[in-house]
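What follows is a short report on a single structure.
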Amino acid sequence: MQALDVWLRRLTVAVAVSMSLFHLYVAWFGPPNAFTLRATHFGFAMALAYLALPMTAARRGKAPGIIDIAFMCAALAAASYPLINQTYFNTRMAYVGPVSVMDQVFAVMMMVTILEATRRAIGFILPLTALIFLSYQVFFTQADLVRLLEYQYMTTDALFGVPAQVSATYVVLFVIFGAMAERFGIGKLFMDFALALTGHAAGGPAKVAVVTSGLFGSVSGSAVANVMTTGTFSIPLMKRIGYRPQFAGAVEAVASTGGQIMPPIMGAAAFVMAEFMGVSYLTVAGYALLPALLYFLAVFLAVHFEARKRGMKGLPRADLPRVGKVLKDEGHLFLPLVVIIGMLMSGYSAPFSALCGILSILPVVLMRKTTRHEVTLPKVVEALESGAVNSVAVALACATAGIVIGVIAQTGLGLTFTGLVKAAAGQQLIFALILTMIAGIVLGMGMPTTPAYIVQVALLVPALVNMGVSIPAAHMFVFYYAILSAITPPVAIAVYAACGIAQSPVMATSWMAVRLGLTGYIIPFMFVFGPSLLMIGTWTEIVLTAFSATMGVTFLAAGLAGFLLRPTGWIARGLLVAAALTLINPGLMTDAIGLALALLALLINTRERSDAWDEDADAPRVSLSETLKAEAAQRAKR
């Protein structure tokens, strides 16, 4: 049995490395036809899912059983059918040509194995959603079952549709880039750089978590992966400095979640958005830049005001790396990111830019003696394996989301939903936005950002556009709430990951995360009412809107934390929150009212007592070197 386990482990590594190499080959030489690329992509993803992921929790850590192998063989057969019959699939006319019994059998096999693999990879929520949509089409629309299977499996509009295209061309390459960046020291660079910049400030470890998670999240594009990567360092450090476990976990969860909206790379859904809107990825990154900066400014300020209110201290400068030394020893590791940004700005496609970034990592790491030791053949293999494995969940989620998209397109459900939203909102945009926000968060609960966004594009975006919201603002609006579902209770997957490290209660950490990230829930309303926040409009409009939004974010963070120049009373807090809400809708009148309210709060705050509330004043202060030693000892025990 042990020999079988070793053989299966080697097979899994071989499949994963082959998947990465296949996509690198495609990025360099160009993609084959749609069915070949997408079916091969899903074939690799399902093979890895059935090899590496058990059918039940009881089988975790065990070798694949007979059922797993049977599912894998069925999945590979269904994915291979379009490859073997390329001419037939590429030349037939949908709804005109006959659909053979063999076509129907392989269509059913593909859908069943995709749904089961998705369940293993990300849980039952998304597959259950797809089954509900399919049941609606079969039982409530009197659909022709044969045409349903044809549309799902034999066209490029559903299962093999836009989400599959994006996953197979954009996402997998950037995931590989993130895996290689982590393996070859770029993640360490982000941590050292953040420590050098902010470690000495009030509440330094929490600010380190915000900066590091923003930097690393822009590369990894996954909230949970970000928490598990940076949180293993930042959360224990925050706790040892004196932060409560739930606050430490919430800071990491909120900051990690924001990584998906932070250029230059963002999350997988950003590439889907570019494809849906028919614009370049660089354009989407431009839309996202100012809102992302506001999001992280809000989290940074929330941490700062909380630290000042509680009298939290920073880390001793003697224990921290120096910015100059970090840049001297590791600064060259920023170059792969520079390569990607430079290629995108030069007009090259996102897949080719990602490929150039990947190919630049090893030469860059080999440039300096301080990082040269990181390059070994086992690490290269590990990075390629990790990149493929990390992309499995996104690939399968995109496939299942494609099934949902197919149902919506075939049944006209999107138009029906648009009518329902408009009727419920009574033609009032603010009510339509609130309904969309709630629906977006509910749809995203327990579901990765990409499929949550895709479903909302089909159901919610048309309603917003129909009510006068610009297309970029509508897409960004639902994109934000698909992301924020990761920190919204009761199903807050990023918070769950952070709680595992912080050893904190889930619900207390979840509500703390909502408080810290509350500005993120308001920012989408800001750019709907002020599209210049998305860099749309004249530079004067963009600057004025950015200034107004920055003031609003600052006042809201201060009001929620209860600290401005010193701890504030409830009157000043209420005025600050009111000022922030007034600044949501940009305009001279609203801005003037908001600034007046903030000035009144400031005047009241100067007359309040100056004693900092420091319930954690007696918390132990541990040096960074002691913390690092303790972490190393814990890892050795594990």
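The values are calculated or read from the model by the stated rules, or taken from the named source; none is laboratory data. Keep in mind it's a predicted model, so treat the numbers as computed, not measured. Glycine also receives a Cβ, built like all others from the backbone with ideal geometry; neighbour counts cover every protein chain displayed.
Please specify each residue of segment 147-189 satisfying the condition of being assigned to a loop (DSSP other than H, G, I, E, B) and either hydroxyl-bearing (Ser, Thr, Tyr) or at positive phi (or both).
Residues of segment 147-189 that are assigned to a loop (DSSP other than H, G, I, E, B), as a first pass: 154-161, 184-185.
Result: 155, 156, 185.
Going through 515, 607 one at a time, which residue ends up being touching a residue at least 24 places away in the same chain (Cβ under 8 Å), at negative phi and of a type in the set (D, E, K, R)?
Details: 607 fails: touching a residue at least 24 places away in the same chain (Cβ under 8 Å).
One residue alone meets the criteria, 515.
Of the residues that sit in segment 393-436 and are among the small types (Gly, Ala, Ser) and outside any helix (DSSP H, G or I), which one is farthest from residue 75 (Cα to Cα)? Write out each step before concluding.
Applying the first criterion (among the small types (Gly, Ala, Ser)) to segment 393-436 yields 393, 395, 397, 399, 401-402, 406, 409, 412, 414, 419, 423-426, 432.
Filter again for outside any helix (DSSP H, G or I), leaving 412, 426.
Numbers: 412: 30, 426: 47 Å.
My answer is 426.
Being surrounded by 14 or more Cβ atoms within 10 Å (Cβ to Cβ) and of a type in the set (A, V, I, L, M) is the filter here; which residues of segment 88-107 pass it? So that I can check it myself, show each step before the final result.
Of the residues in segment 88-107, the ones surrounded by 14 or more Cβ atoms within 10 Å (Cβ to Cβ) are 88-89, 92, 99, 103-107.
Scanning segment 88-107 gives 99, 105, 107.
May I ask you to list the residues in segment 88-120 that are in contact with a Ser or Thr (Cβ under 8 Å, 6 or more places away or on another chain), of a type outside the set (Ser, Thr, Tyr) and part of a helix (DSSP H, G or I)?
114, 115 - these are the residues of segment 88-120 that are in contact with a Ser or Thr (Cβ under 8 Å, 6 or more places away or on another chain), of a type outside the set (Ser, Thr, Tyr) and part of a helix (DSSP H, G or I).
Against the condition crowded, with 22+ Cβ neighbours inside 10 Å, modelled with pLDDT of 90 or more and farther than 17 Å from residue 307 by Cβ, how does residue 579 come out, does it pass? Break it down into steps so the answer makes sense when it comes.
Values: crowded, with 22+ Cβ neighbours inside 10 Å: yes; modelled with pLDDT of 90 or more: yes; farther than 17 Å from residue 307 by Cβ: yes.
Answer is yes for this residue.
Would you say residue 444 is over 22 Å from residue 289 (Cα atoms) and within 18 Å of the chain's Cα centre (by Cα)?
Values: over 22 Å from residue 289 (Cα atoms): yes; within 18 Å of the chain's Cα centre (by Cα): yes.
In short, yes.
With respect to residue 12, is the statement that it is under 20 Å from residue 389 (Cβ atoms), touching a residue at least 40 places away in the same chain (Cβ under 8 Å) and among the polar types (S, T, N, Q) true? Can you show your working first?
Details: under 20 Å from residue 389 (Cβ atoms): yes; touching a residue at least 40 places away in the same chain (Cβ under 8 Å): yes; among the polar types (S, T, N, Q): yes.
So residue 12 passes the test.
With respect to residue 281, is the statement that it is of a type in the set (Ser, Thr, Tyr), in contact (Cβ under 8 Å) with a residue 12 or more places away in the chain and assigned by TED's automatic domain parsing to the domain that holds residue 205 true?
Against the criterion (of a type in the set (Ser, Thr, Tyr), in contact (Cβ under 8 Å) with a residue 12 or more places away in the chain and assigned by TED's automatic domain parsing to the domain that holds residue 205), residue 281 qualifies.
Within segment 170-206, can you find the residues that are touching a Phe, Trp or Tyr at 6+ places or on another chain (Cβ under 8 Å), touching a residue at least 60 places away in the same chain (Cβ under 8 Å) and farther than 19 Å from residue 380 by Cα?
Selection gives 170, 171, 203, 205, 206.
Could you please give the count of residues in segment 503-517 that are in contact with a Phe, Trp or Tyr (Cβ under 9 Å, 6 or more places away or on another chain) and of a type in the set (A, V, I, L, M, F, W, C)? Full working, then the answer.
The first filter runs over segment 503-517 and keeps only residues in contact with a Phe, Trp or Tyr (Cβ under 9 Å, 6 or more places away or on another chain), leaving 504, 506, 509-510, 512, 514, 516-517.
Applying the additional criterion that residues be of a type in the set (A, V, I, L, M, F, W, C) yields 506, 512, 514, 516.
Matching residues across segment 503-517 total 4.
Can you tell me which residue in segment 247-284 is farthest from the chain's Cα centre (by Cα), limited to those that are surrounded by fewer than 24 Cβ atoms within 10 Å (Cβ to Cβ), part of a helix (DSSP H, G or I) and among the aliphatic types (A, V, I, L, M)?
Step by step, filter segment 247-284, then rank; the result is 277.
Quick one: count up the residues across segment 28-38 that are assigned to a helix (DSSP H, G or I), surrounded by fewer than 24 Cβ atoms within 10 Å (Cβ to Cβ) and in contact (Cβ under 8 Å) with a residue 60 or more places away in the chain.
4
Given (1) buried (at least 24 other Cβ atoms within 10 Å of the Cβ); (2) part of a loop (DSSP other than H, G, I, E, B), where does residue 455 come up short, assuming only one miss?
Here residue 455 clears every test but (2).
Does residue 43 fit the bill of being modelled with pLDDT under 90 and either in contact with an Asp or Glu (Cβ under 7 Å, 6 or more places away or on another chain) or not assigned by TED's automatic domain parsing to the domain that holds residue 353 (or both)?
Numbers: modelled with pLDDT under 90: no; either in contact with an Asp or Glu (Cβ under 7 Å, 6 or more places away or on another chain) or not assigned by TED's automatic domain parsing to the domain that holds residue 353 (or both): yes.
So residue 43 does not fit the description; no.
Taking interchain pairs and intrachain pairs at least six residues apart, which have beta carbon atoms under 8 angstrom, with the first residue in segment 117-128 and over 12 Å from residue 46 (Cβ atoms) and the second of a type outside the set (A, V, I, L, M, F, W, C) and not in a helix (DSSP H, G or I)?
Pairs that qualify, where the first residue is over 12 Å from residue 46 (Cβ atoms) and the partner is of a type outside the set (A, V, I, L, M, F, W, C) and not in a helix (DSSP H, G or I), are 122/448; 123/446; 125/446; 126/448.
So which residues in segment 437-452 are at pLDDT 85 or above and either assigned to a loop (DSSP other than H, G, I, E, B) or out of contact with any helix residue (DSSP H, G or I) (no Cβ under 6 Å at 6 or more places or on another chain) (or both), if there are any at all?
438
Can you pull out every residue in segment 134-146 that is assigned to a helix (DSSP H, G or I) and without any contact (Cβ under 8 Å) to a residue 60 or more places away in the chain?
Narrowing segment 134-146 to residues assigned to a helix (DSSP H, G or I): 134-140, 145-146.
Passing the criteria: 135, 138, 139, 140, 145, 146.
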